[in-house]
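Visitor: Below you will find the structure I want to go over with you.
Every number here is computed from the coordinates shown, using simple stated rules; none is lab data. Everything numeric here is computed off the predicted structure, so don't read it as measured data. Positions of Cβ are generated from backbone atoms using ideal geometry, with glycine treated the same way; all protein chains shown enter the neighbour counts.
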Amino acid sequence: MSDQDQKQTALAMNRWQTYLNKRMLTLVFLGFSSGLPLFILINLVQAWLAKSGIDIKKLGLFTLVMFPYPWKFIWSPLMDRFSIGKLGRRRGWMALTQLALFVCVGTMGMLDPVSQFSVIIPLAIAVAFFSASQDIVIDAFSREILDDNEQGLGAAIKVNAYKVAGLVPGALSLILADLISWAWVFWITAAFMLPGLLCTLLVAEPKTYGEQPKTLEDAVILPFKEFVHRSGWLHAFWILAFIFLYRLGDSMAATLATKFFLDLGFQLTQIGAIAKITLFWGSIAGGVVGGVWMIKLGINRALWIFGVPQALSILGFALLAKLGPDPIMLGIVLASEAFGVGLGTAAFVAFIARTTDPRYTATQFALFTSLAAVPRTFTTALIGYIVAATGWFNFFLICFALAIPGMLLLLKVAPWNEQVKPVVE
């Protein structure tokens with residue numbers, strides 16, 4: 001190996017040592033801790049209730065316990081304004097929510113689903129509330145401990161750890177339920193919150209940027225005032241429109257995907273077997289590739305490049321609508337969609353993190369992520385009517401068309417060659 005090659009190898013190693021640091025390892029634990037409660041509600045609790053004989057109407061209504069997630073921005077100013085004990089503003093709230101989640105999840109499994117269903121409902125709402133609150137403060141913490149050039153890889157690591165957490169209540173806990181009592185299953189599952197709590201207690205409080213809100217009123221008003229005044233009302237509008245539209249097309253396309261596959265003629269076992277392999281690993285691969293590639297590209301260019309496969313993956317559903325129930329094509333479509341969305345999500349989360357002011361991270365991050373969730377929340381009721389009027393093939397073409405405005409807004413919010421300045425110097 002020549003001296004030049006050795007120098008280049010050494011530079012590459014130093015670069016990776018710079019990025020793969022303790023802060024990134026912290027995000028592995030915190031991302032896992034962030035994802036676990038959501039998947040407990042989606043997978044473990046619903047399986048428990050179904051096995052206990054709860055009827056389908058009650059199970060359908062049970063999904064309403066998730067309402068705290070899209071409304072988390074309402075109480076996020078509390079986490080910018082107040083500290084919890086000696087742990088500080090970020091670690092204090094993380095420790096409080098993680099401990100509350102451990103207790104609530106473990107306690108829930110000790111109840112009887114049939115005779116104590118009315119008690120389980122508020123307890124499940126508490127899990128959703130503390131989970132959404134934990135998300136607020138972990139998002140703020142991760143934004144504040146990473147430099148702007150680390151936000152892409154950090155977002156990918158956190159998002160992937162979030163997804164991996166789904167394997168505990170979605171696989172391990174369900175296997176244990178055939179071997180031991182539900183009460184023990186819930187406490188064992190709840191115990192997976194403890195590594196995140198330990199991590200919270202061991203890490204340092206993030207650096208404080210500028211002057212913190214002195215009153216709750218300041219904590220509510222100043223984040224919005226700063227965002228609007230940063231570059232003016234018009235630019236603020238473009239950013240909010242971009243956050244709303246960038247993932248609108250793929251969110252709509254994936255909402256009734258299972259119904260689409262069934263209508264084509266696939267069996268549930270086919271969908272389940274193929275989806276298990278492709279969706280999880282495809283999204284993980286997309287997130288990892290996106291995070292690593294973003295180091296070289298930068299967030300702006302990543303949004304452009306990653307947005308293309310994210311949008312094109314929608315056309316895979318349209319092609320499948322024409323081809324019919326082809327299992328190989330189903331695997332290709334699911335893998336492509338998961339990989340494309342994994343790429344787009346890594347860049348999108350990094351953009352949101354970069355857009356927040358470190359003085360008001362909790363409030364602004366919660367607002368942006370809540371806005372990003374609006375399309376899935378409010379378009380679900382309309383999608384059935386659109387499909388009924390247009391058919392699946394045309395519906396997916398519409399979804400692809402809806403992905404284009406978000407890409408065009410990149411001209412306004414993330415130009416290709418723009419040199420991005422930090423929000424706070």
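Visitor: Placing +1 at every Lys and Arg Cβ and -1 at every Asp and Glu Cβ, with all other atoms neutral, what dipole size does the chain have around its Cα centre, in debye to the nearest 20?
Guide: 240 debye
Visitor: Right, here's the next one. If you build a Gaussian network model of the chain, linking Cα atoms that sit under 10 Å apart, which residue out of Phe242, Phe32, Phe224 swings the most?
Guide: Phe224
Visitor: In addition: From the backbone phi of the range 93-105, what are the Karplus-calculated ³J(HN,Hα) couplings (6.51 cos²θ - 1.76 cosθ + 1.60, θ = phi - 60°) in whole Hz, Gly and Pro given as x?
Guide: Running phi through 6.51 cos²θ - 1.76 cosθ + 1.60 with θ = phi - 60° gives 5, 4, 4, 4, 5, 5, 5, 4, 5, 4, 5, 5, 5 Hz.
Visitor: Take the chain, connect every pair of alpha-carbon atoms lying under 10 Å apart with a spring to form a Gaussian network, then pick out the residue of Ile314, Ile332, Ile40 with the largest mean-square fluctuation.
Guide: Among Ile314, Ile332, Ile40, the largest mean-square fluctuation in the Gaussian network model of the chain belongs to Ile332.
Visitor: For the range 58-112, give the magnitude of the charge dipole about the Cα centre (Cβ charges: +1 Lys/Arg, -1 Asp/Glu; no others), in debye to the nearest 20.
Guide: Its charge dipole is roughly 300 debye.
Visitor: Let me ask something else about it. Distance between the C-alpha centers of the range 317-348 and the range 111-139? Whole Å please.
Guide: Here the answer is 33 Å between Cα centres.
Visitor: Label points 7 Å out from Cα along the Cβ direction at Leu264 and Leu312: separation in nm?
Guide: Going by the 7 Å Cα→Cβ label model, 1.9 nm.
Visitor: Please compare each pair in Lys22/Lys214; Lys163/Lys207; Lys51/Lys163; Lys86/Lys214; Lys259/Lys322 to a cut-off of 23 Å on the Cα-Cα distance and tell me which ones are over it.
Guide: Table pairs above 23 Å Cα-Cα are Lys22/Lys214; Lys163/Lys207; Lys51/Lys163.
Visitor: Follow-up. What is the Cα centroid distance between the range 167-191 and the range 209-241, reported in whole angstrom?
Guide: 43 Å
Visitor: Evaluated at 37 °C with a viscosity of 0.692 mPa s, what Stokes-Einstein diffusion coefficient in µm²/s does the range 217-299 have when Rh comes from the Kirkwood expression over alpha-carbon pairs?
Guide: 195 µm²/s
Visitor: Could I ask something else about it? Set Lys and Arg Cβ to +1 and Asp and Glu Cβ to -1, take the dipole of the range 196-342 about its Cα centre, and tell me which of Phe244, Val203, Ala338 lies farthest positive.
Guide: Ala338
Visitor: For the range 152-285, which semi-axes, largest first and in whole Å, follow from the square roots of 5 times the eigenvalues of its Cα gyration tensor?
Guide: 38, 28, 13
Visitor: Report the semi-axes of the equivalent ellipsoid for the chain in whole Å, largest first, where each axis is √(5λ) for an eigenvalue λ of the Cα gyration tensor.
Guide: Gyration-tensor ellipsoid for the chain: 32, 30, 23 Å.
Visitor: If you don't mind, there's one more thing I want to ask. Taking the Cα centre of the range 78-182 as origin and charging only Cβ (+1 Lys, Arg; -1 Asp, Glu), how large is the dipole, in debye to the nearest 20?
Guide: 280 debye
Visitor: Pick out which of Phe368, Phe237, Phe39 has the largest mean-square fluctuation in a Gaussian network model of the chain, springs linking Cα atoms closer than 10 Å.
Guide: Phe237
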